[in-house]
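Asker: Here it is: the structure, laid out below.
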Amino acid sequence: MIEIPDNHRKAVIESIQRYFLEQLDEEIGELKATLLLDYFLQEIAPSVYNKAIADATTHMQDRVADMEGSVYKPELTYWQMRKQKQQR
């Protein structure tokens, strides 16, 4: 199960309680909010995590694939550049 730090967990539980109160007009206690959070972390969070990892992997692969084009430096150009300067 994906875990979150205790201080953040408390804030998330409070947010769940507030959501139920404001959006569903239902007050839930800390125990119910904690159980709901634990369910989300066990059942839903891995899907979100896996999608984030897949997106990050794709992003990094795109950057690495483009690296040659963006940082490539031509080789053995001294004489070509010298010839161009002389022609000016």
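No value in this document is a laboratory result; all are computed from the given coordinates. Model, not experiment: these values are computed from the prediction. Every residue, glycine among them, receives a Cβ derived from its backbone with ideal geometry; neighbour counts consider all protein chains shown.
Asker: Where in the range 12-88 are there helices (runs of 4 or more DSSP H), lying wholly inside it, with at least 2 residues that are surrounded by 11 or more Cβ atoms within 10 Å (Cβ to Cβ)?
Answerer: Filter on the range 12-88 gives 30-39, 45-71.
Asker: Same structure again: Quick test of your reading of the structure: HIS8 fulfils all but one of (1) under 23 Å from the mean Cα position of the chain (by Cα); (2) surrounded by 12 or more Cβ atoms within 10 Å (Cβ to Cβ). Name the failing condition by number.
Answerer: The number of the failed condition is (2).
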